[in-house]
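Structure, as structure tokens:
Every number here is computed from the coordinates shown, using simple stated rules; none is lab data. Note that the coordinates shown come from a computational prediction; the quantities given were computed from them, not determined experimentally. Glycine also receives a Cβ, built like all others from the backbone with ideal geometry; neighbour counts cover every protein chain displayed.
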Amino acid sequence: MVRQVNLTGQPVAPGIALGPAFLLRRERKNVPHSTITEASVAGELERLDDAMERTRIDLRYNRRKATRTLGEIVARIFDAHLMIMDDEPTFDSIRDVIRTELVSAEYALYRSLESVARQFDAQKEDLFRDRAQDVRDVGRRILAHLTGAPTDTIGDLHEPAILIASELNPSDVLQMDPEKILGVATDAGGATSHTAILTRTLGVPSVVGLKEITTSCEPGNLVAINGNSGKVLIRPTAKQEEKYREKERHYHQFRDSLLDIRDKQAITKDGHQIELAANIELPDEAKRVVRAGGDGVGLYRTEYLVLAHGGIPSEEVQEKEYRRVAQMLQGRPLVIRTFDLGGDKAFPGAGIKPEANPFLGWRAIRVALDRPEMLLPQLRAILRASPEGNFRIMFPMIGNLEELIAVKAMLAQARAELDSEGVPYDKEIEVGIMVEVPSAALLAHRFAPHVDFFSIGTNDLVQFTLAVDRSNEQVADLHQPFHPAVLQLIDRTVRAGKEAGIWTGLCGELAGNPLATLLLVGLGLDELSTSPSVIPEIKKLILSSTLEESRALAAEALELGTVQEVRDLLLTTMKKRFRDMPIWFGDL
Ligand code: PEP
Ligand code: MG
């Protein structure tokens, strides 16, 4: 009798999914030394060539698939892998090892590639260390073909399944085909890690921080995951399976009904309009925003271009990408945030060295100001692309006024250069800052005269206000946007914005949490920017409520002293108020 296992983790992307488990194995395995006879050398060489050819086919297939689903830039991640496959001297030396040492193709491949990877490991630059990971990835793929062992890359998944892994990195998620991955469940991870944000963007139900999912589940086991509640059920009984299927059906029916409001604007019943925008990481996601009925892009995380290109893209490439996004948005606003590198986004090629406390370290605006050769071309690229649409520029992680003044001076320099070159750009382009460091929220009234808008980044604001690492699952339950201290900072920022006559948005993950919608409207936010996949639900809530009731709710919440009190208030109010809708009012 197979045992059922119930686990609870952090729900990070809504939806119900049921399917066979696909386990992504990531441990680095040693391949044992094994010898062959002189007579089998030719056969061994042939096996190696065969496995290499099949790996090339896989990689090309994955590249094509990624181009289709996520766009050309992301697909280039696979070019790096194909380039390794074309490195003749390395593979010639593997063949020599087989011939001269009389060892198996598996062992020769493993030993040679591991030695190349270690040379990269030993380098100080990130770029080289990431190359080490690429080399190991390629090695794993070839080995899988040599041994016929279970494959361990997402690209190898051919049937729809639930992806189970100890952890995923952003490039894994970029390989995911949302039609094949029914859901994601991982041991590690927090709600605001970039991996979670990407799975939410793709609309794949996901639960992270399960701690023991990889050890509780065998490949092929039926797994039910609830991305609304965080519950995961391994090997459900027939009765439980039927219950999940019913929930899945109900949820899909409701989602289909939201199509009717797609083209409506988010206006409360008493006539107050909220700009309901979306966050994107990759240019092609702009299409999803339009499809979901979003008013525009409230946060374009341009640092993902660095990930996709394996380094900082040139001014020309950036201009092209920004224009492309603007074209897809057809005149809708586009808030471009300058590179937010560092922290958990020390992407390959970004030149960010490992640090003891990366979130508190050399990150975002600090990197940008230290590297005008990176920031200036980006600002020029944004300005040059600006006639193509409705652009806004936003700077990340501003913590003090000097930074804002310095970065605005860089912007003035970019403008002056374009003026003297006679290049046209939008002279009225709005300039704003992320309010995601407590010092910026506390001094919002000082910053307001210098900007056209604020956008509150609760993912970081919560981590810095509450001293809780946003990507550490050990403390994930302490990363609480409903903490009264956070609400006070949001309130303070919005008030400062209103007094100065500028608008304030919120682009942290809180904006996509239906439990928070009325609270945020009531606090006076003018814009909410969230994953395209949750726009329909949030819009439905705004259309079904009044500004008056939201204000009353926010005023009540601001009087409370604990997270529990705030959540209880919101849960009771929202569940009662919207009981006819299958919207999950849990906590993201
Ligand atoms: C935030 O910090 O809330 C935010 C939106 O930015 P990011 O998640 O990219 O750090
Ligand atoms: Mg942030």
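Couple of notes before you dig in:
- Filter on Lys269/Lys320; Lys211/Lys540; Lys345/Lys408; Lys243/Lys576; Lys180/Lys353 - keep pairs with C-alpha separation over 29 Å: Lys269/Lys320; Lys211/Lys540; Lys180/Lys353
- Taking θ as phi - 60° and the Karplus parameters 6.51, -1.76 and 1.60, the scalar couplings of region 163-168 work out to 7, 10, 8, 5, 7, 10 Hz in sequence order, x denoting glycine and proline.
- For the chain, the longest principal axis of the alpha carbon atoms and the long axis of helix 547-558 meet at an angle near 70°.
- Taking Lys and Arg as +1 and Asp and Glu as -1, the other residues whose beta-carbon sits under 13 Å from that of Leu560 total -4.
- Helix 105-121 axis versus longest C-alpha principal axis of the chain: approximately 40°, rounded to the nearest ten.
- Alpha-carbon centroids, region 335-383 and region 533-575: separation in whole Å: 35 Å
- Taking amide H as placed 1.01 Å from N in the peptide plane, Thr546 has its amide H under 5 Å from the amide H of Lys269, each at least 5 places away in sequence or on another chain.
- Taking the longest Cα principal axis of the chain as reference, the axis of helix 126-147 is set at about 50 degrees.
- Take every DSSP beta bridge whose two residues both sit in the chain; close to 30 percent of them are antiparallel.
- A protection proxy built from the mean count of other Cβ atoms within 10 Å ranks the segments 529-540, 423-434, 457-468, 234-245, most packed first, as 529-540, 457-468, 423-434, 234-245.
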